[in-house]
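Just below is one structure, and these are the notes that go with it.
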Amino acid sequence: MAFNDENTPAGAPTQTGASTKVEVVLPDPQKKVSRLFITLFGLLNFGLYLTVMMPALFSLPYKVGVLDPGNKAALLGLVATVGAVVGLIAGPVAGVLSDRTHTRIGRRRPWLIGGIIVLAIGSTIVALSDSVPMLILGWVVVSLGGACNAAAITPLVAERVPEAQRGIMGAIVGVATQLGGVLGYTIGGLFTTNLLLMFLIPVITLAVVGAIFMIFISDPIVTLPHTSLAQTFRLLVFNPRKHRDFSLVWLGKLLMQTALAFLTTYQLYFLLDRIGFTAEQAGAQLAVVGGLGILITMTFAIVSGTLSDRLKRRKAFIYGASGLTATGLALMAFADGFGLFFAAVLCILGAAGMFGAVDVAMASDLIPDREQAGRWMSIYNLAATLSTAIAPVIGAALLLIGPSAGGNYTALFLVGALLALGVGVTTSFVKGVR
């Protein structure tokens, strides 16, 4: 990707052919958000991540295995990569456009409502597909809906939450992510005979919590100039030298999410191929692991997020998450039974809670323009989307190394451990936060 100098800042007139009047009424950046906001935002993120984690961890791998059991790993990599490429384009574009959406109900709400509708259509296509092309088409639609939902939800920490509360808000996001994954295992295991319900229950959940959030939480008035299509894409490009710290945080997130994606993408197949479980047994065991994992993730996330706010330090917690993730993935590489797998996953979940809480806070601290939080947080989230595009490709190649029966999971997870250690290296060069 080519990087250019910064674009016209928010609030400045632009030559778009539309009115150059700019009205910006954001909440006071020093005023703490209410407990109601924190609670409903946590539920909203749970709904969002249930639609993300359940397909990634169980529903999509299961559907692929039913559709083409002989080539499930390669096909899963193809479908996941196509969806991720769509997300790479749609996610940042949706973020920029949501910043500049002018409606009577606000700028974020239309994207949440539209995203849920698109997600429901895509999920239905995936569930009912009986061919690979139809499956890929459905997953493309799902990816478009997910991009819209993320554009409506992820900017809220940066634009609504003061710095003193961002650590705890990041912790809540981290817990919501893991809770979505755990319940995804449980729901998936219960509905293996009803694929339509398996794919639609997360969408229905997001619709319910989204409606509650929109009823009780207002959407601030922020009127930025409209942009042309070309200008929209230019807003997605930034100069990494000018915003060096933000770029380093972005790179660290890419490395961590790629390492974690090796686990989330292939752990079901790991249990099937190396441990010898059936799909139903794997789903049940993963739900048990995840149930305990929720407690570990919550503990690591809340403690890390709270301490990072109080100590006004972020980097130490990222170092800890980097080392803990590497340790867990190294254990996973040599796991030959469920006991060691169990220990490795719990180790990784604790690290994911710590990283998720503090990394969101650090990125929110370092975004260059709070008024364009949708743009910058979409670029930040691009790292996670990109990881879902490259992890299946790299992972599929690593699994093919050597004559290992069922795939070379040792190589897969050892490479993931090295990537996780790289997060600590990139973080060490960040200067804008301690």
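The values are calculated or read from the model by the stated rules, or taken from the named source; none is laboratory data. In this text the structure is predicted, and so the values were computed from the model without any measurement. Note: ideal-geometry Cβ built from the backbone for every residue, glycine included; neighbour counts use all protein chains shown.
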Complete set of residues in the range 265-312 that are in contact with a Leu (Cβ under 7 Å, 6 or more places away or on another chain) and more than 21 Å from LEU190 (Cα to Cα): ILE296, THR297
Filter result (at pLDDT below 85, farther than 30 Å from SER143 by Cα and of a type outside the set (D, E, K, R)) within the range 402-434: GLY402, PRO403, SER404, ALA405, GLY432, VAL433
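Let me confirm something: among LEU331, LEU292, LEU255, LEU251, which residue is touching a helix residue (DSSP H, G or I) at 6+ places or on another chain (Cβ under 8 Å), free of Cβ contacts under 8 Å to residues at least 40 places away in the same chain and hydrophobic (A, V, I, L, M, F, W, C)?
Details: LEU292 fails: free of Cβ contacts under 8 Å to residues at least 40 places away in the same chain; LEU255 fails: free of Cβ contacts under 8 Å to residues at least 40 places away in the same chain; LEU251 fails: free of Cβ contacts under 8 Å to residues at least 40 places away in the same chain.
Criteria check complete, one pass: LEU331.
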LEU340 vs. criteria more than 22 Å from the chain's Cα centre (by Cα), closer than 17 Å to VAL433 by Cα and without any contact (Cβ under 8 Å) to a residue 60 or more places away in the chain: no
Failed criterion for PRO368 (all others in (1) buried (at least 24 other Cβ atoms within 10 Å of the Cβ); (2) within 24 Å of GLY87 (Cβ to Cβ); (3) not hydrophobic (A, V, I, L, M, F, W, C) hold): (1)
Qualifying residues in the range 53-65 (those that are within 17 Å of LEU137 (Cα to Cα) and not hydroxyl-bearing (Ser, Thr, Tyr)) - the one surrounded by the fewest Cβ atoms within 10 Å (Cβ to Cβ): ALA56
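Here are some residues: GLY402, GLY432. Which one is on the phi > 0 side of the Ramachandran plot and in a loop (DSSP other than H, G, I, E, B)?
On inspection, the qualifying residue turns out to be GLY402.
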Pair list, Cβ under 8 Å, 6 or more apart: the range 120-143 residue assigned to a helix (DSSP H, G or I), other residue surrounded by fewer than 16 Cβ atoms within 10 Å (Cβ to Cβ) and of a type in the set (D, E, K, R): VAL132/ASP68
